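Notes follow once the structure below has been shown.
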Amino acid sequence: MRTIKAEVEQHMTGLTKEDQTLTSRFLFPQGFIGFQGHFPAKKILPGVCQIQCALSTIEKGNEQAVSLKEIVLAKYFAPVFPEEEMTCAVTLVSDSDGDRLYKAVLKKGAVKVTELKLRVALNPEEKRQAG
């Protein structure tokens, strides 16, 4: 999974933070590792890669590593193909006892691709570098 994480983060740009919302952009090329096993004839970005987009946005935006504790909700509305830019907006919904609940919406332009709710734990001993 570290390889997928590193590859996802390599294709992440434009991280911004406004109030409780972090937003980033992703553009995955034809050769992206995540496309390797997902329908070689018609490559589609796997859900696990979309979840990693949200987690990487959270980590880099907060400059702190997190651990995924629970996927509370995962709804997929439209496929993402190579060379399609996707935005990921992640909003903090609740913060209690070291656990944070985030809602993530991934879009291609105005088209909603995915909606996620992820419960994560902060890893204060691990710091992340923004950018």
- [ ] Could you tell me which of the pairs Lys75/Lys107; Lys60/Lys108; Lys42/Lys103; Lys17/Lys43 are separated by over 23 angstrom between their Cα atoms in the structure shown?
- [x] Lys42/Lys103; Lys17/Lys43
TODO: Take each of the peptides 24-37, 67-80, 50-63, average the number of other beta-carbon atoms within 10 Å over its residues, and list them starting from the highest.
DONE: 50-63, 24-37, 67-80
- [ ] Send over a whole-number figure in Å² for the accessible area per residue of the chain, probe 1.4 Å.
- [x] 54 Å²
Open item on the list: What is the distance in Å between the Cα centroid of the stretch 6-47 and that of the stretch 63-128?
Closed with: 12 Å
Open item on the list: Can you give me the long-range amide H partners of Val72? Hydrogens built in the peptide plane at 1.01 Å from N, cutoff under 5 Å, separation of 5 or more residues or another chain.
Closed with: Lys117, Leu118, Arg119
Task: Net lengthening on full extension, Asp19/Val111 (0.36 nm per residue, minus Cα-Cα) - done: 30.8 nm
Open item on the list: Explain nothing, just compute: Karplus ³J(HN,Hα) = 6.51 cos²θ - 1.76 cosθ + 1.60, θ = phi - 60°, for every residue of the stretch 93-100 in order, whole Hz, x for Gly and Pro.
Closed with: 9, 8, 9, 8, 6, x, 9, 10
Task: Under 5 Å, built H, 5+ apart or other chain: amide partners of Gln64 - done: Arg128
Task: Hz values of 3J(HN,Hα) by residue in the stretch 16-28 - Karplus curve (6.51, -1.76, 1.60), Gly and Pro given as x - done: 10, 10, 9, 6, 9, 10, 9, 10, 9, 10, 9, 9, 9
TODO: Would you please give the residues with an amide H less than 5 Å from that of Thr114, counting only those at least 5 places away or on a separate chain, with H modeled from the backbone geometry?
DONE: Phe77, Leu106
Task: FRET efficiency for Asp95 and Phe39, using Cβ-Cβ distance with R0 set to 25 Å, rounded to 0.05 - done: 0.05
Task: Charge tally in the Cβ shell below 14 Å around Lys107, where Lys, Arg are +1 and Asp, Glu are -1, Lys107 excluded - done: +2
TODO: Could you tell me which label, among [x] 102; [y] 113; [z] 87, carries the value of volume of the Cα convex hull per residue in Å³ calculated for this structure?
DONE: [x]
Task: Around Tyr76: net Lys/Arg minus Asp/Glu count, Cβ-Cβ under 13 Å - done: +3
Open item on the list: With a 1.4 Å probe and all protein chains left in place, how much of the accessible area of the chain comes from carbon and sulfur atoms, in whole percent?
Closed with: 49 percent
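The values are calculated or read from the model by the stated rules, or taken from the named source; none is laboratory data. Bear in mind that the values here come from a model prediction, so they are computed numbers and not experimental data. Backbone-built Cβ (ideal geometry, glycine too); neighbour counts: all protein chains shown. Side chains included, ligands, DNA and RNA excluded: accessible areas come from the protein's heavy atoms. Shrake-Rupley method; radii C 1.70, N 1.55, O 1.52, S 1.80 Å.
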